[in-house]
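The values are calculated or read from the model by the stated rules, or taken from the named source; none is laboratory data. Just so we're clear, the structure is a prediction, and the values are computed from it rather than from any experiment. Here the Cβ positions follow ideal geometry from the backbone for every residue, glycine too, while neighbour counts run over all protein chains shown. Keep in mind that these areas ignore ligands, DNA and RNA; they rest on the heavy atoms of the full protein, side chains included. Shrake-Rupley method; radii C 1.70, N 1.55, O 1.52, S 1.80 Å.
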Amino acid sequence: MENNEMKRKTLTTRQGRPVVDNQNIRTIGSRGPATLENYHFIEKISHFDREEIPERVVHARGAGAFGYFETYGKVGDEPVETYTRAKVFSGAGKKTPVLVRFSTVAGAKDSPETARDPRGFAVKMYTEDGNWDLVGNNLKIFFIRDAMKFPDMIHAFKPDPASNISHPQRMFDFVSKSPEATHMITLLFSPWGIPASYRHMQGSGVNTYKWINEKGEAVLVKYHWEPKEGIRNLTQEEANKIQAKNVSHATQDLYEAIERGDYPEWELFVQIMEDSYHPELDFDPLDNTKLWPEDKFPWLPVGRLVLNENPIDFHAEIEQAAFGTGVLVDGMDFSDDKMLQGRTFSYSDTQRYRIGSNYLQLPVNAPKVKVHTNQRRAQMDYRSREQFEENPHINYEPSMLGGYKEASENERMPHEPAYNDKVMSAPIDRPNNYGQAGETYRSFEKWEREELIQNLSEALAVCDTKIQEAMIEHFTKADEDYGRRVKEGINQQLKKVQKDGENPLFGRASGASKFGQSSTDANKATKQAIQKSKEADPY
């Protein structure tokens, strides 16, 4: 015991001074008032007051780990260089260090990981050409196709701004007026909406990107992560039982699996499409509410991802990790996907607000290659003296006196897409809001369809009648059986509650709740907290 005590390092202040007393503040006498020069205490408590940064508006609840990406050097059976000059994919067997952060979308930082919610799947690769971020979800599509609607969508999915109570009516109110969300709702309210763990879920870039080869030629590309351990999902009943015992089960599962050497692994596939309008398709290939059919655009393996290292400091390495869809390397480019265009500004702007202007200087966010930039100063700028290899007096470009210079245009053939059209604010001309939603519904196994109908019926039963009717219409347009079963399910829920003698404020009467009511189970739980509690005397 004494030997172990001898090996322990002495506690110091952040200025490096050894701390002699970390138990008592400085006072006049042992019971007297505290003195103003309580420097150690003031430093300690003032840092404590500031040790949290603003949580993410979306994807606040998350976990993460480190590992590597190993490229196959090929796209299916073809050399990867046929399609992209990105070095991260060239050279079979090359390993690139990575950080991956998994998350839920709508919940707060400590919300349950059993929520019915898409799961974020964000990958940061520290490549030899700088960082590449692939920021996606477990589900391969999204609710909306235009970034203009994103703030409203998230507002609708968050708790009521007056009561701070979550209510499914808010989400379905928005979705009922956004028919493009029908496909995503079909997936979300099926068992695919609650992955059993982060290790057993798929990942997707969701948006469409471009690959650029040495000739400057471009193809459209979608990314898909496939878990080597298989896919596992939960029913709502199973999720409720887990949540009653552990709200952090997915974080714990990921951490403990890596600790015991059971390293999670995914294979990366891409789908490739010619960069054109594709009139033969009944949907727009840039529409992120759609899947690309595998029979026309097969999944081609390009590499594997292995997570083999847990964070040492969760706050520094995971909470402060910053991802952005605009973080690409040479050999990649943006498509005209409207959601991608909006996300590309929003994500990095969020990090500047959340962490600070110099968030890219934090070790977890900094690239492994040397950075030469004139974007300096602001709060917490701590670049080392070694970074000023050139003339330190020149912090601008161009210059004849020194400083940095632009890369040569001759090094890489640029990709220069041409446009000839009007500037406008208009929807796409091939929305096809229901076709793939119906296909997905019909592709589900019987138990998955039953779970989908049950979950939708329970959620919609507490919504206004106008919203119920609108959603039934959307589902019917996707598949007649789908709409009919949801309508029957809602009616069954109403009868069940009436039989139990509840007053759930269903249908048109739900407006009287002022959005203060939630699901039937949540309403019962609120009453039970009082009814089943034990009275206590004051002390």
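Annotations for the structure displayed:
- Surface per residue (accessible, 1.4 Å probe) for the range 344-393, Å²: 75
- Set of aspartates and glutamates with alpha-carbon distance to K338 below 15 Å, sequence-local pairs under 8 removed: D146, E180, D284, D287, D429
- Calculated on alpha-carbon atoms, Rg and Dmax of the range 168-303 in Å: 18.4, 57
- Estimated D of the chain in µm² per second, where Rh is the Kirkwood radius over Cα pairs and Stokes-Einstein applies at 20 °C, 1.002 mPa s: 81
- Förster radius 41 Å - calculated FRET efficiency between R50 and T373 (Cβ-Cβ, nearest 0.05): 0.90
- Relative to the current alpha-carbon distance between Q528 and V57, full extension at 0.36 nm per residue lengthens the span by 166.4 nm.
- Under 22 Å of direct C-alpha separation, and excluding same-chain neighbours fewer than eight residues apart, K109 reaches these lysines: K124, K158, K241, K245.
- Under the span-like rule (Cα at least 18 Å along the axis, Kyte-Doolittle mean at least -0.5), DSSP H helices of the chain: 465-478
- Gained length - E535 relative to K446, 0.36 nm times residue gap less alpha-carbon distance: 27.3 nm
- Using a Förster distance of 25 Å, the FRET efficiency for R232-S111 (Cβ separation, nearest 0.05): 0.75
- With a cut-off of 10 Å between beta carbons, the residues surrounding G120 carry a summed charge of +3, where Lys and Arg count +1 and Asp and Glu -1.
- Ranked by solvent-accessible area (1.4 Å probe, protein heavy atoms only, all chains present), the residues I428, I231 order from largest to smallest as I231, I428.
- Centre separation in Å (Cα based) which lies between the range 221-256 and the range 258-304: 22
- Per-selection Kirkwood Rh - the range 357-424 (Cα, Å, 1 d.p.): 15.4
- Taking Cβ atoms as reference points and 15 Å as the exclusive limit, the residues near N288 contribute a net charge of +3, counting Lys and Arg as +1 and Asp and Glu as -1.
- Amide H contacts of N233 (H built 1.01 Å from N, in plane; Pro and chain starts excluded): A196 sit under 5 Å, all sequence-distant by 5 or more or on other chains.
- Mean residue ellipticity at 222 nm, helices only, the chain: -8500 deg cm²/dmol; runs of at least 4 DSSP H residues each add -39,500 (n - 2.57), and the sum is divided by the number of residues.
- For the range 19-128, the alpha-carbon coordinates run over 80, 36, 18 Å along the three principal axes, in decreasing order.
- Summed residue charge, Cβ within 14 Å of H155's Cβ, Lys/Arg positive, Asp/Glu negative: +1
- Applying both filters, DSSP loop and at most 12 other Cβ atoms within 10 Å, to the trypsin sites (Lys or Arg not before Pro) of the range 1-63 gives R8, K9, R14, R31, R50.
- Additional length obtainable on full extension of the chain from R484 to K296, 0.36 nm per residue less Cα span: 64.5 nm
- Shape analysis of the range 384-452 based on the Cα gyration tensor places the equivalent ellipsoid semi-axes at 55, 24, 13 Å, largest first.
- C-alpha center-to-center spacing [the range 114-134, the range 350-408] in angstrom: 24
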